[in-house]
1. With (1) more than 15 Å from B:Val69 (Cα to Cα); (2) surrounded by 14 or more Cβ atoms within 10 Å (Cβ to Cβ); (3) at pLDDT 90 or above as the list, and B:Ala154 as the residue in question, which single condition is left unmet?
2. Mind telling me which of the residues B:Arg125, B:Arg145 ends up being closer than 13 Å to B:Leu100 by Cα and either touching a Gly at 6+ places or on another chain (Cβ under 9 Å) or away from chain A (no Cβ under 14 Å) (or both)?
3. Pairs needed: first member in the stretch B:30-43, closer than 21 Å to B:Val157 by Cβ and within 7 Å of chain A (Cβ to nearest Cβ); second member anywhere, surrounded by fewer than 17 Cβ atoms within 10 Å (Cβ to Cβ) and acidic (Asp, Glu); C-beta distance under 6 Å; at least 6 residues apart or different chains.
4. From B:Ser108, B:Ser171, B:Ser137, grab the single residue that is at pLDDT below 90 and either crowded, with 19+ Cβ neighbours inside 10 Å or part of a helix (DSSP H, G or I) (or both).
5. Out of all the residues in the stretch B:80-101, which are within 15 Å of B:Met118 (Cβ to Cβ) and crowded, with 16+ Cβ neighbours inside 10 Å?
6. List the residue pairs whose Cβ atoms are under 9 Å apart, where the first residue sits in the stretch A:172-190 and is free of Cβ contacts under 8 Å to residues at least 12 places away in the same chain, the second is of a type in the set (Val, Ile, Thr), and the two are 6 or more positions apart or on different chains.
7. Kindly indicate the residue of the stretch B:46-89 that is among the β-branched types (Val, Ile, Thr) and more than 9 Å from every other protein chain (Cβ to nearest Cβ) and also nearest to the chain's Cα centre (by Cα) among those meeting that condition.
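The values are calculated or read from the model by the stated rules, or taken from the named source; none is laboratory data. This is a predicted model, so every value here is computed, not measured. When we count neighbours, we look across all protein chains shown, and the Cβ atoms used for this are built from the backbone with ideal geometry, even at glycine.
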Amino acid sequence: MEIQPGEQAATEPPDLGAGGGDGRPPHVAGAQETRPEDRLTLLLRLRAQTKQQLLEYKSMVDASEEKTPEQIMQDKQIEAKIEDLENEIEEVKTAFEMKKLALDRMQLSIALKKNLEKINPQTSVLMDNMKHILNLNKLIMKSHQESWDLEEKLLDVRKKRLQLKQASESKLLEIQTEKNKQKDDLALMENSDKIKAINQNLQMEIQITTVIQHMFQNLILGSKANWAEDSALKEIVLQLEKNLTMM
Amino acid sequence: MSVLRPLDKQPGLNTATILLVGTEDALLQQLADSMVKEDCASELRVHLARSLPLPSSVNRPRIDLIVFVINLHSKYSLRNVEESLHHVDATFFLGKAAFLATGAGRESHCSIHRNTIMKLAHTYRSPLFFCDLEIESFRATMAQRLVRVLQICAGHVPGVSALNLPSLLRSSETPAPEDQ
């Protein structure tokens, strides 16, 4: 086992000063007149003590209610809880700092007020500083406002540009779709069967006409008539030059 | 009971109990005498112990403040205190524990560096007092201080609780404990 430590208790009530008006509990040895004021003081003191001790116990109880659960939690949950607690601590710290700052500000303003009441407010350097501060603040606010307006204008211009861009984009898209449609229509037309049939008929007619022409030409040449004099015959013969298939 | 817990007993009416833990019996006795001589409205009880754990056979009142006395001249006292620290519940270090280093006046006899003690106090977030307990006047002053702190820890001062003490008693040398 461990070393048995020696323990001594030294108990002594406070000094029995002659004028020491601290009341002592009556069961302590030493006959002393406990005047009623002393008893009252003692009671009041005991009341304050008990209040404070109660407060301490209460706060401990409140603090221990926040105990982490005993059951096995997953690592992630524990980490999340740790993060939450750390965030809480940070928030409480910052709140505390803010409150301290606010208190300092309040104290400062009260001290300032008292100081101002004492000295002549018209001639002090403090008033000059304050006026200067006010002017600067006004300037700051004005320039803030101006910069805000300029930013608004800039924003409007940008918005308009964006709108125009979008409009042009849509127009170009429309043009493109129209062109594509035209191309498609053309291709469609070219591939349609009707056209093909018409084409074929056309070719046939052209060939028939060519054959008939050649026939007429050969007839005229074969008839040994003078075709150079008659203009109509001349025309028919000279059509040999033109090749109809290439028309 | 092998571990000292604060607040596990009901407080005595108008009573404040302090426990002095240290190896230097003579110094502890002298300090106890000076404390008891102090003018205090509440009833003081001073318990002395060489080391913890305390024997559970004794019926003792609720301990409000533990002061670990370390003699800078002997490494044994430091080791003793460090071992005793294990037998104290963690909630004690919320203001109800303090360290007292004695013997810093005679620099040549010091075998423990100041920084060791300061680090120890910083680890436990507890206030650290330096006092040469051998010199009468210093001892009286320290006794006065301890009595005030004891009154706060026992709850006899309305409006101040032991929880305020770590932040109030921080000197300019000790840095504020920051999270790592």
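1. (3)
2. Working: B:Arg125 fails: closer than 13 Å to B:Leu100 by Cα.
Within the list B:Arg125, B:Arg145, the selection yields B:Arg145.
3. B:Val36/A:Glu12
4. On the way: B:Ser171 fails: either crowded, with 19+ Cβ neighbours inside 10 Å or part of a helix (DSSP H, G or I) (or both); B:Ser137 fails: at pLDDT below 90.
Step by step, each of B:Ser108, B:Ser171, B:Ser137 is checked, and only B:Ser108 is at pLDDT below 90 and either crowded, with 19+ Cβ neighbours inside 10 Å or part of a helix (DSSP H, G or I) (or both).
5. Residues of the stretch B:80-101 that are within 15 Å of B:Met118 (Cβ to Cβ), as a first pass: B:81-82, B:98-101.
Result: B:Val81, B:Ala98, B:Phe99, B:Leu100, B:Ala101.
6. Sorted first by the residue in the stretch A:172-190, then by its partner, the pairs are A:Met189/A:Ile195.
7. As a first pass, look at the stretch B:46-89 and keep what is among the β-branched types (Val, Ile, Thr): B:46, B:58, B:63, B:66-67, B:69-70, B:81, B:88.
From what's left, more than 9 Å from every other protein chain (Cβ to nearest Cβ): B:63, B:66-67, B:69-70, B:81, B:88.
Details: B:Ile63: 11, B:Ile66: 4, B:Val67: 1, B:Val69: 7, B:Ile70: 10, B:Val81: 11, B:Val88: 12 Å.
Checking each candidate, the answer is B:Val67.
So that you can scan it fast, the table gives a plain yes or no per residue for (1) under 46 Å from the mean Cα position of the chain (by Cα); (2) modelled with pLDDT of 80 or more; (3) part of a loop (DSSP other than H, G, I, E, B); (4) surrounded by 10 or more Cβ atoms within 10 Å (Cβ to Cβ):
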residue: A:Arg24; (1), (2), (3), (4): no, no, yes, yes
residue: A:Ala29; (1), (2), (3), (4): no, no, yes, no
residue: A:Gln32; (1), (2), (3), (4): no, no, yes, yes
residue: A:Glu37; (1), (2), (3), (4): no, yes, no, yes
